[in-house]
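**Q** This is the structure, below, for whatever I ask next.
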Amino acid sequence: MGSLHMTRADAPAYWEHFSHQADIGVRGFGSTMAEAFEQAALAMTAVITPPEGVRCLRRVSIHCQAPDAELLLADWLNALIYEMADHNLLFGRYAVSITDEILTGEAWGEPVDRARHRPVVEIKGATFTELKVGRRADGREWFAQAVLDV
Amino acid sequence: MDLAGLKQEGPCRWVIEPRGDMRVPAVLFGSAALLEDMDDKVREQLTNVAGLPGIVGAAYAMPDAHWGYGFPIGGVAAFDPDRGGVISAGGVGFDISCGVRALHTGLEASLIDAVKSPLADRLFDRIPAGVGSTGQIRLTGKSMDQMLSGGARWAVGQGWGREEDLERIEEHGRMPEALPREVSDQAKKRQRNEMGTLGSGNHYLEVQRVARVFDGETAAAFGLVEGQAVLSIHCGSRGLGHQIGTEFLRRMVVEAPDHGIRLPDRELACAPIRSDLGRAYIGAMRAGINCALANRQILTHLAREVFREFWPDIELPVIYDVSHNTCKPETHRVDDQPRELYVHRKGATRALGPGHPDLPAAFRETGQPVLIGGTMGTASWVLAGLAGGESLALSSACHGAGRQMSRHQAKKRWSGRAVVDELAARGIQIRSPSQRGVAEEAPGAYKDVDAVVEATEKAGLARKVARLEPVICIKG
């Protein structure tokens, strides 16, 4: 589990990794769907490097629209993967707002520094395997999860 | 995997008869021990594949199969376009045309041993590997499209290799009928600095020693000599292939209902071969294949330059180049009639038997060299295709050891430094930009590659030619 902190709604927001035989799963939790998406993105960064070691020097804006929440999560993660690959960036902080089927997000980060970040692996894409978005059984907490192909 | 419900039909062949939505049987290859170690998801994914429209014969899983995305990794399935057959982006994978190329060094391994550490350092300096590495080549507009149409043939034309290399690459170095216009601007942008890069994860460049020859005649035809060194490159189509996979997978999910396709798993997203989307994906995927072939060709050139710093006259001819994430049109006999089928191989190697017309003349009598990538601490293998493999699994064989432990588990269990030190004590030099990456790729995270190869041979899919052991490994 990583980056446990209290959120605007005083419910915990955090992320974790889960096992997939070939690759790795990321799962974010939060008091809203948007927070869960932010945490899932932090979990994705943590696949590559510890998020707390990434300085927030540059900002990238992301806009996605999808017919359902699962596809929206895949689109959000894949948009970030594209930005990381295209501009050689790592992100350490995310902010997301979701209205209906539209996501507006921002990611803050910096160019990859191989000596400092020691990046482990590049991410090829977010898959649709184990792709789920919903509320946990208690109804209070949201989760958002995906398996990444690395 | 629970073997209940599987019918054993041969020493390493297991069949699940059609039930529920399955249109054809599911066939798994492997020993009982290998199958018992497979995740139940392999069975679930394979039976789902067996229910896709237009599937022909059976859905097959190779002995190294593991849980993948829609298709199991190690999955093989053929579809008939005349019977509503489909093409699946998940059945090819994100790393389109990922594969293995092997080169002769012609050097006794003892000569490598004498310069092992400086050679490893120079290879690590020259081969861009890992996150954040970029190649020296910049492709834009027209040159990008030429690469996507021309593959390794384009790379040789640019001076990165020799004409005779092309004969030793599947499709003679160029996948025909690629459609660069179907590759998005984003995919092309993602690739513009990545030509001639190795990538990360399980990709590698290795110097290996031919530790044992099992079939002397075939080994001689392949040019493999016990005690000599071989260079192997494992990588694929880099960011371009990943982006093509991402974009078409989504389009196939969204458009599936328009084609009347009901998906048991979104990751099985597919489109009829004869649809606009199917044709667009096939054209883009072929461009991705050419990108991978060009990439391995450029890496070959870089490795040759490094070897020439140590041995100025060395040639490093190509033994063969195979791709194990593809879908290609192939002619196979169905009900005694030749039919053109679209054969998906996701983590499976084509293994054409002796006499096949698509083989270069040098391999007509031996069958195709089948290059099996191992782990940095165990072994890789060279096998040869068998004539009987066509009826067993559409001339397909395994592609590697196959993971048995997740990255998540592996990084908890091993430290990268300890893995590097342990391998160094065994004479294997590892160079990698990431210690955690080494831990996640620890040899113990994979199945026993020797057991996988043994099962492949016992099943009649391919036969053993030579076992190769690592000496130097450059990990991404």
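**Q** For segment B:379-407, what are the residues that are assigned to a loop (DSSP other than H, G, I, E, B) and either within 14 Å of chain A (Cβ to nearest Cβ) or within 18 Å of the chain's Cα centre (by Cα) (or both)?
**A** B:Ala379, B:Leu394, B:Ser395, B:Cys398, B:His399, B:Ala401, B:Gly402, B:Gln404, B:Met405, B:Ser406 - these are the residues of segment B:379-407 that are assigned to a loop (DSSP other than H, G, I, E, B) and either within 14 Å of chain A (Cβ to nearest Cβ) or within 18 Å of the chain's Cα centre (by Cα) (or both).
**Q** Now for a different question. When you look at B:Leu224, is it of a type outside the set (Val, Ile, Thr), modelled with pLDDT under 95, over 19 Å from B:Ser323 (Cβ atoms) and crowded, with 18+ Cβ neighbours inside 10 Å, yes or no?
**A** So B:Leu224 fails the test.
**Q** On to the next question. Name the single residue, out of those in segment A:97-113 being within 14 Å of chain B (Cβ to nearest Cβ) and surrounded by fewer than 21 Cβ atoms within 10 Å (Cβ to Cβ), that is modelled with the lowest pLDDT.
**A** A:Glu101
**Q** All but one of (1) within 13 Å of chain B (Cβ to nearest Cβ); (2) over 28 Å from B:Ala410 (Cβ atoms) hold for A:Ser61; state the number of the condition that does not hold.
**A** (1)
**Q** Sticking with this structure for a sec: Mind counting the residues in segment B:175-193 that are surrounded by fewer than 22 Cβ atoms within 10 Å (Cβ to Cβ) and not polar (S, T, N, Q)?
**A** So the answer is 9.
**Q** A further question follows. Of all residues in segment B:297-330, which are among the polar types (S, T, N, Q) and in a helix (DSSP H, G or I)?
**A** Once the filter is applied, which keeps residues that are among the polar types (S, T, N, Q) and in a helix (DSSP H, G or I), segment B:297-330 yields B:Gln297, B:Thr300.
Residues are listed down the side, and each one gets a yes or a no for (1) closer than 19 Å to A:Trp15 by Cβ; (2) within 12 Å of another protein chain (Cβ to nearest Cβ):
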| position | (1), (2) |
| --- | --- |
| A:Trp76 | yes, no |
| A:Tyr82 | no, yes |
| A:Ala85 | no, yes |
| A:Arg93 | yes, no |
| A:Val120 | yes, yes |
| A:Thr127 | yes, yes |
| A:Glu130 | yes, yes |
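**Q** Still on this structure, I have one more. For segment B:417-437, name all the residues that are over 21 Å from A:Glu16 (Cα atoms) and in contact with a strand residue (DSSP E or B) (Cβ under 9 Å, 6 or more places away or on another chain).
**A** B:Val419, B:Val420, B:Leu423, B:Ala424, B:Gly427, B:Ile428, B:Gln429, B:Ile430, B:Arg431, B:Ser432, B:Pro433, B:Ser434
**Q** Hey, another quick one. Taking segment B:34-57, which residues are free of Cβ contacts under 8 Å to residues at least 60 places away in the same chain and not hydroxyl-bearing (Ser, Thr, Tyr)?
**A** B:Leu35, B:Glu36, B:Met38, B:Asp39, B:Asp40, B:Lys41, B:Val42, B:Arg43, B:Glu44, B:Leu46, B:Ala50, B:Ile55
**Q** Right, next: Can you name the residue in segment B:227-260 that is more than 29 Å from B:Thr300 (Cβ to Cβ) and surrounded by fewer than 19 Cβ atoms within 10 Å (Cβ to Cβ) and, of all such residues, is farthest from the other protein chains (Cβ to nearest Cβ)?
**A** Looking at the filtered set, the residue picked out is B:Gly260.
**Q** Shifting gears a bit: Could you tell me whether any residue of segment A:31-49 is within 14 Å of chain B (Cβ to nearest Cβ) and free of Cβ contacts under 8 Å to residues at least 40 places away in the same chain?
**A** No, segment A:31-49 contains no residue that is within 14 Å of chain B (Cβ to nearest Cβ) and free of Cβ contacts under 8 Å to residues at least 40 places away in the same chain.
**Q** Now for a separate question. Can you name the condition, by its number, that B:Ser232 falls short on among (1) at pLDDT 95 or above; (2) over 27 Å from B:Lys464 (Cβ atoms); (3) out of contact with any helix residue (DSSP H, G or I) (no Cβ under 6 Å at 6 or more places or on another chain)?
**A** (2)
**Q** From the list B:Ala280, B:Ala284, B:Ala271, B:Ala294, exactly one residue is outside any helix (DSSP H, G or I), more than 14 Å from chain A (Cβ to nearest Cβ) and at negative phi. Which is it?
**A** Answer to the selection: B:Ala271.
**Q** Could you say which residue among B:Arg403, B:Arg431, B:Arg417 is basic (Lys, Arg) and within 20 Å of B:Pro63 (Cα to Cα)?
**A** After ruling out the rest, the residue left standing is B:Arg403.
**Q** Looking at segment B:300-310, can you tell me whether even one residue there is surrounded by 21 or more Cβ atoms within 10 Å (Cβ to Cβ) and more than 25 Å from B:His203 (Cβ to Cβ)?
**A** Within segment B:300-310, not a single residue is surrounded by 21 or more Cβ atoms within 10 Å (Cβ to Cβ) and more than 25 Å from B:His203 (Cβ to Cβ).
**Q** Which of the residues spanning segment B:114-138 are more than 14 Å from chain A (Cβ to nearest Cβ), at pLDDT below 95 and either in a helix (DSSP H, G or I) or surrounded by 14 or more Cβ atoms within 10 Å (Cβ to Cβ) (or both)?
**A** Within segment B:114-138, just B:Ile137 meets the criteria.
**Q** Another question, if that's okay. Looking only at segment B:306-320, decide whether some residue is within 21 Å of B:Cys235 (Cα to Cα) and of a type in the set (D, E, K, R).
**A** no
**Q** Right, next: Looking at B:Ala410, B:Ala459 in this structure, which one is more than 14 Å from chain A (Cβ to nearest Cβ), over 18 Å from the mean Cα position of the chain (by Cα) and at negative phi?
**A** Result: B:Ala459 is the single residue among B:Ala410, B:Ala459 that is more than 14 Å from chain A (Cβ to nearest Cβ), over 18 Å from the mean Cα position of the chain (by Cα) and at negative phi.
**Q** Of the residues B:Lys447, B:Lys458, which single one is crowded, with 19+ Cβ neighbours inside 10 Å and basic (Lys, Arg)?
**A** B:Lys447
**Q** Here is a further query. Would you mind listing the helices (runs of 4 or more DSSP H) fully within segment A:17-136 where at least 3 residues are of a type in the set (A, V, I, L, M)?
**A** A:33-48, A:69-87
Condition check ((1) touching a Phe, Trp or Tyr at 6+ places or on another chain (Cβ under 7 Å); (2) more than 30 Å from B:Phe310 (Cα to Cα); (3) away from chain A (no Cβ under 14 Å); (4) not in a loop (DSSP other than H, G, I, E, B)) across all residues:
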residue	(1), (2), (3), (4)
B:Val24	no, yes, yes, no
B:Asn48	no, yes, no, yes
B:Ala58	no, yes, yes, yes
B:Asp64	no, yes, no, yes
B:Ile96	no, yes, no, no
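The values are calculated or read from the model by the stated rules, or taken from the named source; none is laboratory data. As the structure is a prediction and not an experimental result, all values here were calculated from the model. Here the Cβ is made from the backbone with ideal geometry for all residues, glycine too, and neighbour counts use every protein chain on show.
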